[in-house]
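For reference, the structure is listed below as structure tokens.
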Amino acid sequence: MSAMELCDLSAYELAALIRKREISAVEALESTLERIELVDGRPGSLDAGEITAEDHAKVHAFITRTEETARAQAQAVDKSISEGVIPGPLAGVPYTVKDIFNVRGTRSTAGSRILSNYTAPYTATAVERMEKAGAVMLGKVNLDEFTHGSSSESSAYQPAPRNPWDTSKVPGGSSGGSTAAVAAGMGALSLGTDTGGSIRQPAAFCGVVGLKPTYGRVSRYGLIAFGSSLDCPGPVARNVRDAAMMLSVIAGPDRRDSTAVTIPVPDYTAEIEAGVKGMRIGLSPDFFKIQYFNHESGQMEEEPISDEIKQAVEQAADRLSEMGARVVENVPMPRTKYGIPTYFVISRVEVASNLHRFDGVKYGYRTPVPAEDLDELYRRTRAEGFGAQPKLRILMGMYVSAAQYSEQYYQRALRVRSLIRGDFERIYDPQGEYRLDALLTPATPTPAFGYGDVYGDTVLMQYADQFTVTGNHAGVPGLSLMGGLSKERLPLGIQLLGRDYDEATLLRIGRAFEVATEDAAWRKVRPQVLEGLS
Ligand code: GLN
């Protein structure tokens, strides 16, 4: 094998080569399938048995592979190009889909036993748009069950995904299968979702680009719901231009989702090289520490974030300032510390409601034990079908929205959510004191944590999202990208948060940062699972 394979090329390079017929879509696909054979190991399954030493060295991004339909799609692309018809901007580009989207005729599990036998009868809008653009789906990738987590370990389908930079670490979550696949060359793109950080946090852990669009930018139709007021489908890619291309394809109004906004979709690549001259980019001290409520002392406490991540963000600010941006320091974002507690309440209330539909009657898993009555059928099905996280979250959601507690928890959380939104409105206000184009922050407080190290500690796990989750509350877009490598050779993630529907500015800043760091030593290092392949 040569060092650089077709599967390592970016989506825009692949699309251009295929369009010019310098390579075929089938060749791009075969190279990618070969990579999957080499690094992915066995796909996640419900009866994994013992996890062997060999398993520990593999990535395990997939739950379901769809080679056959992928081959047919790739052949169709080649055929139409040979007839002079370009099927779309992503023609022939291999990609994966987080297994939380419905794809017609494909098992769509949400990482849960309760959907283990579910074959979707329809296709999510975002996937349909990828298909129309000519992209070739490799399969469905693993995730935390119902996207409940930050490590992908809670999937019912084991072995769970590993971090391609170090397989003893998690890839992050819940879109961990998506980011691990993209980092390891198993598809140039992946479709993920972000409810509290599930695209941006795993993108940071795996050293790839992850974009949570503005709420409503991308249709949620066909997405298996978690927190309906927070969920955002979005792109995972290896570079900013690819993320921009993919967003241009999947964004836009959809008559099947009334929350999908009708604001026109720009070509996000059009101004991507325009640079950052004159832009105002903020840094906030509230994003340089972890703040949490200590139940024993009754006090808010603070912990520092990783020094290396802090430095990566500061260096990114320096690079952007050298390129002509104005860096505005000490921007107050005082409600950042309430992001996680607020999310704990709102996301649980919404998920308790959304997960009611899984009851063993309409579709999905049903208990094999003959039930006495309907109640027992529900109870057994849900007890057997749901894993620990969804159960915990349903219970908590029912509790905090119950009539006697709702004022104390849910109603209060909704009020805090508006205050969080207010923090963002103040910093972006064109007449205000800060007038920012974007806020530059760490994507996560630490680099990827060890496999098994945080698993089981719901609260600690959740704090991996402290810097991403307020973007979901406020609905604003967030772009996560690699800002360096730690001494342990783990990616360090930085984040740009932006104004409503202004993903274009974030992509432009992200691209400027890529240009500024093109020759950085860390850009040349490849994930560990790819070493030795050359
Ligand atoms: N890690 C967060 C959670 O466990 C966010 C998940 C997500 O964005 N889907 O809820």
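What follows draws every value from the coordinates through simple rules; no lab data is involved. What you see is a predicted model; the values in this text were computed from it and never measured. So basically every Cβ, Gly included, is an ideal-geometry build from the backbone, and we count neighbours across all protein chains shown.
So the values come out like this:
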read-out: Nonlocal amide H pairs with Gly484, under 5 Å, H built at 1.01 Å; value: Leu492
read-out: Reciprocal of mean inverse Cα separation for the stretch 1-47 (Kirkwood radius, Å); value: 11.9
read-out: Amide H within-cut-off set for Ile305, under 5 Å, with H built and near neighbours excluded; value: Ile290
read-out: Coil-residue trypsin sites (Lys or Arg not before Pro) of the stretch 297-374, DSSP, other Cβ within 10 Å capped at 13; value: Lys362
read-out: Distance cut-off 27 Å, percentage of C-alpha pairs in the stretch 95-228 lying past it; value: 9
read-out: Stretchable slack from Glu22 to Tyr434, in nm (0.36 nm times residue separation minus alpha-carbon distance); value: 143.4 nm
read-out: Computed FRET value (nearest 0.05) for His295 with Lys79, which takes r as the C-beta separation and R₀ as 41 Å; value: 0.10
read-out: Per-selection Kirkwood Rh - the chain (Cα, Å, 1 d.p.); value: 23.0
read-out: In the stretch 1-160, lysine pairs with alpha-carbon atoms under 20 angstrom apart (chain gap of 8 or more, or interchain); value: 8
read-out: Centre separation in Å (Cα based) which lies between the stretch 178-215 and the stretch 67-146; value: 17
read-out: Proxy reagent accessibility, fewest Cβ within 10 Å first, across Tyr365, Tyr343; value: Tyr365, Tyr343
read-out: Loop-located trypsin sites (Lys or Arg not before Pro) in the stretch 1-103 whose Cβ has at most 16 other Cβ within 10 Å (DSSP); value: Lys20, Arg21
read-out: Mean Cα-pair separation over length for the stretch 463-513, i.e. relative contact order, pairs under 8 Å, 6 or more apart, %; value: 32
read-out: FRET efficiency, Asn330 to Glu303 (Cβ-Cβ, R0 25 Å, nearest 0.05); value: 0.75
read-out: Added length on full extension, which subtracts the Cα-Cα distance from 0.36 nm per residue, Ser168 to Asp267; value: 31.7 nm
read-out: Relative contact order [Cα under 8 Å, 6+ residues apart], the chain, whole percent; value: 17
read-out: Among Leu392, Tyr378, Leu460 - extreme Cα towards positive end, dipole of the stretch 329-461, charges at beta-carbon; value: Tyr378
read-out: Protection-proxy order for peptides 387-394, 493-500, 142-149, each taking the mean of Cβ atoms within 10 Å per residue, highest first; value: 142-149, 493-500, 387-394
read-out: Residue order, fewest to most beta carbons within 10 Å, for Thr106, Thr179; value: Thr106, Thr179
read-out: Simple Cβ-charge dipole of the chain, Lys/Arg +1 and Asp/Glu -1, about Cα centre, in debye nearest 20; value: 1020
read-out: Loop sites in the stretch 271-373: GluC sites (Glu not before Pro), DSSP, at most 15 other Cβ within 10 Å; value: Glu271, Glu273, Glu296, Glu329, Glu372
read-out: Phi to ³J(HN,Hα) by Karplus 6.51 cos²θ - 1.76 cosθ + 1.60 over the stretch 41-54, Hz, x for Gly, Pro; value: x, 6, x, x, 8, 6, 10, 6, x, 6, 8, 8, 4, 5
read-out: Rg over Rh [alpha-carbon atoms, Kirkwood Rh] for the stretch 221-349; value: 1.03
